[in-house]
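The values are calculated or read from the model by the stated rules, or taken from the named source; none is laboratory data. Because the structure is predicted, anything quoted here is derived from the model rather than measured. Every residue, glycine as well, gets a Cβ built from its backbone with ideal geometry; the counts of neighbours run over all protein chains shown. Surface accessibility is based on the protein's heavy atoms, side chains included, excluding ligands, DNA and RNA. Shrake-Rupley method; radii C 1.70, N 1.55, O 1.52, S 1.80 Å.
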Amino acid sequence: MPVVDVDGLTFTYASGTAPAVRDLRFRIERGEIFGFLGPNGAGKSTTQKLLIGLLRGYRGTVSILGRDLADCKADYYERIGVSFELPNHYLRLTGLENLRYFRTLYRGGTQQPEALLEMVGLGDDGERPVGEYSKGMKTRLGVARALLNDPQLIFLDEPTVGLDPVSRRRIRDLVREMKKAGRTVFLTTHDMTVADELCDHVAFIVNGEIRLVESPRDLKLAHGARTVVMEYDLGGRPGRREFPLDGLGDDADFLDLLRQATVRTLHTQETTLEDVFLRVTGHGLQ
């Protein structure tokens, strides 16, 4: 049984005339990192709000953790964790006080706040008021808060926005650890590099509609050029040649050059996930 099973999900805001999301269909298996990718305003956050129960009145069916979302009560939040792109913390409280407060809202067991702060790189900042935190630090605190109840399903909305390279790597490593522990992650982002590194499958959403669901690897293989480019020095002169990847081991020109020249670089012509998104959807990410 999938952890998330969405069939025909459609939602229109009361102030709108057209659906914000339309006929969404996808499944997320246990232990999977599922990327929901698209430009700003595509419907990513609306979908997350629907799945975590902040928006009601949708059409279609949604099953999460084996239960119909429409039937889920307060105990649903004992089993999921949510990190919002713009987390709402108590700014006058310290990071540690924030986690200790939210910890009291759960009936079941919770993780130690101190350990969670260490996990997201805030171990030395737990006694500081959150009002003194940078945007990136507040984001990391939001991730820590999402893990308080040791959830089976974690929703992460743009978890690396505003982070420095070291903090981005820490969050990426943390998401990988969630997967190793058997947790399921629903990741909304417009950062294709993060999605490519982390996700088992990605869904491309544009204008409220899903255009494609596939693994990043299969997408890049399907849309990349099946060629190899060699940059080399031969007789003191630099050169560059491109060869077909198919039959490369029997390509006499390639083998001769490989033996005679000094090879500087040798690359297959892989495409990026962002290039694939543009080709499939016809839209950029901004």
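So, HIS223, is that one open to solvent by 60 Å² or more (accessible area, probe 1.4 Å), under 30 Å from LEU198 (Cβ atoms) and out of contact with any helix residue (DSSP H, G or I) (no Cβ under 6 Å at 6 or more places or on another chain) or not?
No.
Against the definition (surrounded by 15 or more Cβ atoms within 10 Å (Cβ to Cβ), more than 28 Å from VAL4 (Cα to Cα) and at pLDDT below 95), how does THR188 come out, yes or no?
Spelling it out, it is not the case that THR188 is surrounded by 15 or more Cβ atoms within 10 Å (Cβ to Cβ), more than 28 Å from VAL4 (Cα to Cα) and at pLDDT below 95.
Any chance you could count how many residues in region 47-75 are without any contact (Cβ under 8 Å) to a residue 40 or more places away in the chain and either in a loop (DSSP other than H, G, I, E, B) or open to solvent by 10 Å² or more (accessible area, probe 1.4 Å) (or both)?
Qualifying residue count, region 47-75: 12.
Among the residues of region 93-105 satisfying the criterion of being open to solvent by 40 Å² or more (accessible area, probe 1.4 Å) and over 26 Å from the mean Cα position of the chain (by Cα), which is farthest from ASP124 (Cα to Cα)?
LEU105
Checking the structure you have, find out if any residue of region 225-245 is among the basic types (Lys, Arg) and in contact (Cβ under 8 Å) with a residue 24 or more places away in the chain.
Yes, some residue in region 225-245 is among the basic types (Lys, Arg) and in contact (Cβ under 8 Å) with a residue 24 or more places away in the chain.
Have a look at HIS201, HIS267 and point out the one that is under 28 Å from ASP23 (Cβ atoms) and in contact (Cβ under 8 Å) with a residue 12 or more places away in the chain.
HIS201
Would you point out the residue of region 19-46, among those that are part of a loop (DSSP other than H, G, I, E, B) and among the charged types (D, E, K, R), that is least open to solvent (accessible area, probe 1.4 Å)?
Residue satisfying both the conditions and the ranking: GLU32.
Do the conditions hold for GLU118, that is, is it of a type outside the set (Ser, Thr, Tyr), more than 26 Å from ARG172 (Cβ to Cβ) and not in a loop (DSSP other than H, G, I, E, B)?
When the stated conditions are applied, GLU118 does not pass them.
Would you pick out the residues in region 254-286 that are over 29 Å from VAL202 (Cβ atoms), open to solvent by less than 90 Å² (accessible area, probe 1.4 Å) and either basic (Lys, Arg) or not in a strand (DSSP E or B) (or both)?
PHE254, LEU255, ASP256, LEU257, LEU258, ALA261 - these are the residues of region 254-286 that are over 29 Å from VAL202 (Cβ atoms), open to solvent by less than 90 Å² (accessible area, probe 1.4 Å) and either basic (Lys, Arg) or not in a strand (DSSP E or B) (or both).
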